[in-house]
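Take a look at the structure below.
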């Protein structure tokens, strides 16, 4: 089974981190393919960047379809381009926010989210509503650490995030924590050991759930909403993204 | 006051239609500026097209900011790129689905939506939840008429949409109908006359509400979520969309 | 266009304040008509007073219909008599709580309410649910300043309300504030300048939205719930409020 | 124990019917006092009439307080003036819609409402939301029988209402029915026998629950929202409703 | 009328306490029958114990049916076995959490719960959702006093619970408190006197509401969900609980 | 990895069917252990049977803990004893209704449930609310086929269930179907092939998700709600279920 984990931003170090996180949990018989778009923002911390990043996600899903990928993970906590990717892919597609919320409610009644920047909390709340987990999530807390600083060992990020997680458990009286940024994936085990409750990394959750769906024979419904998009002209800069009549996918970018 | 109405698709005839619909209701002292992106799909009937169209919306908002626009309308019923546009614009930004839902609940307790294609109903439900109108909306019905066929006088679209609206009022026991596609804007008055209940066109609603917000001195909060996106590199095809350190907006496309 | 702004209480100074607030934002071509009932409580701070005030609102709407008014604003934050007024009026009717909630969600994802007395918070929560904004509102805070003291320049009301708004933004992590009393209308601009987020006054929001609905050709549906009330005897003190068979509205009070 | 059942309309025959319905279920030691206002509409079928009727309810609660009443029932399915009555009364106050919804969920998971006129369904939905029973109620159906025709033995009302209840159980797959009008109280047992599921009359439910609250020592909280309304001038027609400084209640009407 | 109050645990002192609490409020003509199972945990503080206790509740309801009981109260705040008991009983069955939530919303808009151990709060939240009171409940607070210590006069339990109730009213801005454990029933009046708001004990509420339902002629619907369970073999330890073809209930335990 | 799939009823053929369904999807390295209780009803079609079955589930989880099981599946669509099992198990525990709902929303926006008997629909709705999927589920439909008849090849069950699934997709406009009974597990692939949308069997979903949680290092939080139940006496028939002070689990039944 081949699972493509798409890092929606264009920072190689984050793609590598995400790939490692996914491979650790994938299990026997699952090949993880960690990729990033050829275009898009270096990190995603605003709605504007998320809109640009969605284009890159779609590029990598179209390429993945040509390469025979079985399932996809969209590895940014805003789940950019998720529904559009479902229209393109034959197999299942999971966002890491989506998967993390599902996993958290399987191991605890209520959880809190600890994320990077406070300005992303609105999107997190929107996704909680969208997926049905608004009541299960007690609060969304921000560390105010930019995404790309998370990996800097001199930033003290691990300590800050751990403290924020511990504080959330006490203040919100929750039994689990969801990490609200793919850049925190490497911290998961250490934070869980430190604070004694399940800590959910969306990359791990989405990768194992995607493999689970494939094993259970489940793929996105192609009946109506998620049927392939209709062929149609796309003038201008994004012309490479036009869906053509032939079934062969065009290469989306030069 | 200058309001820019952005048609997110690249079909000139629809931009013209939307502009006419907006100008009819704008009122004294309001200049309506109807524009379309230089790139993007010819119409928007899938999540994939919506993701591409969001890029075009952002292009036109950035150009609008350089031109001193006071408020924006995103004139596609999926409200593509709405939150991202709010980060870019100094004045308010409204989506036509958003505005139509608000307006409908001001003139009726419950409404139904009549839209173009059934595959877009999922997005409509998502937006109803997002804006708080899930309980106020009884149902979303589709005519299964493609967006660009709506303007074809030989398509019988007006008759089909009118019949669908009338059926919705009876079947759902609602007191108003929201038209779920900017391409239906020209039908509004005739359908309302025919079926005897308020029929809400999002282009008209969004244009007059945008002017109302400007008059009331209200603009999108810049405190946290909708603060301007941070400057950041964007490699590749979308490089023109990078936010630069200087306050002057770059021209997004060549 | 003629908009009647009804102050539901019987204090002339508040009617004047509300009229000024409405006229500032009404825009070209809109005549604002600020009125108050001939009977009812001097201010509205309880459910009991709200019930009495609803009668006065209906009196002024019936008189407004005879005078050819195009739209109405009910200018008390409990929106007293709103649904009943919709049955009487040909044009749209907006409550100031209703309009303020709509406006706040157009410029911010979440908001808090700062109101006069804590005992009115229950009604505010009820209206948030009624209009679909329960999730968008983080909290309702009270200053414990009686309504009629708000205008007393020696009361320190502006400072107290400003401090409460600032505290709400921080404590609730919201990006906008709704002022929960028509008596605070004159404070809006100064508080917004002081705390740096949109501050929504319902009188301004309702006045501009009412004009927007008229321009968009929208009026309350007369299909079922909001059809004119049936003619019927009303014995006793309220006899002047009986609906008569003739279409000419009776003068409701001597 | 003395329970005052207030018929909010001014039709004596309905007051008598409501009194009989309450007395049948009140149980030993409970005196039922069925009253009606001195002013107000002959029946309540619109928001406008409900607003007028609320004044009459408050009149009768003030008189009841002077007479030492232990608990009140507001016997119209729109629950007019309920929150205001709670501010005036020392003991508990229940609306018949409120009580019927509570009772229905104690004997079935889901129920439907069968009411008089379709135009009242909006208010029923609002109350279902207000009290927390929106999910428990499958649908609100109308018989389109005016309130005062319900008691006319030649109207066929019993047969129509029975048929509507039976249809609701099948169509909505519910296990109980709530009758949405005090005028249907006399039908309850016969409909339940005919269709084989619990049929809930709000007058019976509210009367027995009010007695239950008194026996359990529970009365409306006077802490904040439902504290007595503050003394305040009321000029004009409604002057008799002013709350005076002295604790003795004024006679509300001449 | 005969009401059986079932203590789901096997501690005699608690059964006696619950019986006394019920008898104080039952009113004239109501015989209270306080019982406990022949098997099950000594107290209920976990989901595991609740699952075991449900079996004991069903034993006592089957015996009650043989003895002609008119209505039942399940007197543990987790409402164990409630839906199953409804299938067995001819008359109504109420849980004490259920009844307490209903009662609290009849005397206040919002309430908080003060319970024994924090680990039971999850179940309380689940029941609040189940019955429709999630929005009406501000918070669930725990005293961390084990159930059986509540009755120990040297434990200081009354003082701790009173302090927790007072703190909840202030912190949550609620107008009533629900006691989250049958073991607190004896404290109700004293806490209410001390903190000045209604304090709701579920045993009292359920007993008086159960009598009210019987007086109103209401019993659990036997149409579908709560019809008697079908006869079926039960091998092994629980064999005494098999439903037999004959209408006579088997004695469930030796 | 060892996953114990617990059939909560005592019918061997169903345990075998469930075991086969789980093994087909488990994947490399996962050992599936299909078991059933020593006591409990032959099938589960009522709340009463579910309450009895919960005891059997707990028996098998306690035995599984002694045997070193890594994760559990509770294989009845009412998820009996699920929360209690979480308190006993070191690894994750999933119910098949729970898992099926999660899976369905990963491959479609909305789904319907097709179940065995209509009387079980109430429990399905309760679980949909409990897990956050009430809005995602359009409807619950019953075939009125008893659980044990599902496997009888002469019953026409496959044809009936297929027809019900097809009808649900059209009537409810949903893109996926959840099978509401473990006894339908063998039908999954054939129904999906016949109707062309994803059909979700909870046994498959729960088995692969349980393995996914183990791979991702996630287990039920032991912080508060799901901590091990406290040691406590259990007199009488269920005495074998008492939790003893020593860490070694007692054999629950003779």
| task | Take residue F:192 and decide whether it is under 29 Å from residue F:26 (Cα atoms), free of Cβ contacts under 8 Å to residues at least 24 places away in the same chain and surrounded by 24 or more Cβ atoms within 10 Å (Cβ to Cβ). | result | no
| query | Do you know which residues across the range B:70-97 are more than 15 Å from residue B:19 (Cα to Cα) and either assigned to a loop (DSSP other than H, G, I, E, B) or more than 12 Å from every other protein chain (Cβ to nearest Cβ) (or both)? | reply | B:70, B:77, B:78, B:79, B:80, B:81, B:89, B:90, B:91, B:92, B:97
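Could you tell me whether residue E:40 is at pLDDT below 95 and touching a helix residue (DSSP H, G or I) at 6+ places or on another chain (Cβ under 8 Å)?
Against the criterion (at pLDDT below 95 and touching a helix residue (DSSP H, G or I) at 6+ places or on another chain (Cβ under 8 Å)), residue E:40 does not qualify.
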| note | Of those in the range A:139-156 that are within 11 Å of another protein chain (Cβ to nearest Cβ) and in a helix (DSSP H, G or I), the residue nearest to residue A:122 (Cα to Cα) is A:147
| request: Restrict the check to the range D:63-73 and report whether at least one residue is free of Cβ contacts under 8 Å to residues at least 60 places away in the same chain and farther than 24 Å from residue E:198 by Cβ. | output: no
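This table checks each residue for (1) within 15 Å of residue B:103 (Cα to Cα); (2) in a helix (DSSP H, G or I); (3) at the interface with chain C (Cβ under 8 Å from one of its Cβ atoms).
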{"position": "B:168", "(1), (2), (3)": "no, yes, no"}
{"position": "B:178", "(1), (2), (3)": "yes, no, no"}
{"position": "B:189", "(1), (2), (3)": "no, yes, yes"}
{"position": "B:200", "(1), (2), (3)": "yes, no, yes"}
{"position": "B:203", "(1), (2), (3)": "yes, yes, no"}
{"position": "B:206", "(1), (2), (3)": "yes, yes, no"}
{"position": "B:217", "(1), (2), (3)": "no, no, yes"}
| Odd one out for residue A:225, checked against (1) surrounded by fewer than 23 Cβ atoms within 10 Å (Cβ to Cβ); (2) part of a loop (DSSP other than H, G, I, E, B) | (1)
| request: Exactly one condition in (1) surrounded by 22 or more Cβ atoms within 10 Å (Cβ to Cβ); (2) within 7 Å of another protein chain (Cβ to nearest Cβ) is not met by residue B:42; state its number. | output: (1)
| Looking only at residues in the range D:98-138 that are more than 12 Å from chain E (Cβ to nearest Cβ) and farther than 18 Å from residue D:184 by Cα, which one is surrounded by the most Cβ atoms within 10 Å (Cβ to Cβ)? | D:127
| When you scan the range A:15-37, how many residues do you find that are touching a helix residue (DSSP H, G or I) at 6+ places or on another chain (Cβ under 7 Å) and closer than 30 Å to residue B:226 by Cα? | 5
| field | Tally, over the range E:234-254, of residues that are within 9 Å of chain F (Cβ to nearest Cβ), out of contact with any helix residue (DSSP H, G or I) (no Cβ under 8 Å at 6 or more places or on another chain) and at pLDDT below 95 | value | 0
| Residue check for residue B:159: surrounded by fewer than 23 Cβ atoms within 10 Å (Cβ to Cβ), assigned to a helix (DSSP H, G or I) and not assigned by TED's automatic domain parsing to the domain that holds residue B:193 | no
| said: Would you confirm whether or not the range C:34-44 contains a residue that is over 27 Å from residue D:44 (Cα atoms), outside the structural domain of residue C:131 (by TED's automatic domain parsing) and not in a loop (DSSP other than H, G, I, E, B)? | reply: yes
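Quick test for you: out of A:65, A:50, pick the one residue that is facing another protein chain (nearest Cβ under 8 Å) and more than 30 Å from residue F:94 (Cα to Cα). Even if it seems obvious, please write down each step before you answer.
Details: A:65 fails: facing another protein chain (nearest Cβ under 8 Å).
Result: A:50 is the single residue among A:65, A:50 that is facing another protein chain (nearest Cβ under 8 Å) and more than 30 Å from residue F:94 (Cα to Cα).
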| request: For residue B:179, work out the one condition from (1) under 22 Å from the mean Cα position of the chain (by Cα); (2) under 29 Å from residue C:21 (Cα atoms) it doesn't fulfil. | output: (2)
| task | Can you run down the residue pairs with Cβ atoms below 7 Å, 6 or more apart or on separate chains, where the first is in the range A:137-160 and at positive phi and the partner is assigned to a loop (DSSP other than H, G, I, E, B)? | result | A:144/A:117
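The values are calculated or read from the model by the stated rules, or taken from the named source; none is laboratory data. This is a predicted model, so every value here is computed, not measured. Cβ coordinates were reconstructed from backbone atoms using ideal geometry, including for glycine residues, and neighbour counts include every protein chain displayed.
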